[in-house]
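Some notes on the structure that comes next.
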Amino acid sequence: MNNHDKQLLQLLRERLSLGHLPGVSAQNTMTPPLRGNYSAPSDNARKAAVLALLYPIDGQLQLLYIQRTSPPGDRHAGQISFPGGSAELSDKNAAATALRETEEEVGIPRSSITLLGALTPLYIPVSNFLVDPFVGFLPERPSFELQETEVARVLELPFSEFLNYQARKTGPRKLTSGITLHDTPYWHIQGEEIWGATSMMTAELIALVS
């Protein structure tokens with residue numbers, strides 16, 4: 001891994017281990033319009049967890065995303081997100097949920113992933129999920145086996161490129177309902193666009209090393 005990315009990874013390890021997170025203020029830098037202030041989840045919010053997974057390709061640290069499939073009626077159809085999903089009764093905790101879902105969705109054995117720490121939970125009002133984001137690391141690029149009913153493709157994006165101020169854009173985003181949200185913040189990395197809850201979680205991750 002190149003020296004710059006080694007330093008980023010070490011800084012991320014240290015700050016996650018301390019647990020001093022940028023929190024909601026960092027998340028809110030990428031908040032979509034019309035979301036409003038949802039600092040507290042509803043009493044009946046469903047539990048979920050996701051994993052922001054880092055690993056090197058040709059010496060450059062990458063951040064893994066997935067693009068979800070587009071079944072009819074799915075509010076999150078076609079969206080780019082971190083691997084993850086709903087908690088199950090068999091999950092020991094939220095971290096176990098994130099690791100299990102990652103293994104199921106993209107085929108990476110949970111035992112091979114080193115968890116570096118947790119980010120700030122995020123409530124998603126449109127789907128009534130309270131999401132626990134975790135950060136993980138692999139020393140080398142994984143092999144993928146996609147869950148075809150859930151995952152259309154994987155995206156491997158250079159972590160350092162998120163630190164460029166030009167990676168943050170604002171523009172219209174069209175929902176699956178047909179509604180267009182104007183002046184919506186999003187990440188633009190190598191032609192890929194990431195917005196919504198995933199962009200908010202990404203913002204906190206980047207704030208940890210900025």
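Taken together, the values in this text are just the output of simple stated rules run on the coordinates, not laboratory data. The structure displayed is predicted, hence computed values, not measured ones. Backbone-built Cβ (ideal geometry, glycine too); neighbour counts: all protein chains shown.
Residues with beta-carbon under 9 Å from that of residue 117, excluding residue 117: net charge, scoring Lys, Arg +1 and Asp, Glu -1?
+2
For the range 90-137, restrict the atom set to alpha-carbon positions and state the Rg and Dmax in Å.
11.4, 33
Just the number, please: Stokes-Einstein D of the range 40-178 in µm²/s, Kirkwood Rh from C-alpha pairs, 10 °C, 1.306 mPa s.
D = 99 µm²/s.
So what's the back-of-envelope 222 nm ellipticity for the chain, counting only DSSP H runs of four-plus at -39500 (n - 2.57) apiece and dividing by all residues, rounded to 500?
Roughly -6500 deg cm²/dmol at 222 nm, from the helical runs in the chain.
Would you mind computing the Rg to Rh ratio of the range 158-210 from its alpha-carbon coordinates, Kirkwood style for Rh?
Checking Rg against Rh, the ratio lands at 1.00.
What is the Rg over Rh value, at two decimals, for the range 1-68, using alpha-carbon atoms and the Kirkwood definition of Rh?
Rounded to two decimals, Rg over Rh is 1.05.
Quick one: if you stick a label point 7 Å off each Cα along the C-beta vector at residue 190 and residue 164, how many nm between them?
About 1.2 nm separates the two model spin labels.
Taking the Cα atoms of the range 120-191 alone, what are Rg (to one decimal) and Dmax (as a whole number) in Å?
15.6, 42
Defining a contact as two alpha carbons under 8 Å apart and six or more residues distant in sequence, what relative contact order in percent does the chain show?
Values: 417 pairs, mean separation 61.7, N = 210.
Contact order relative to length: 29 percent.
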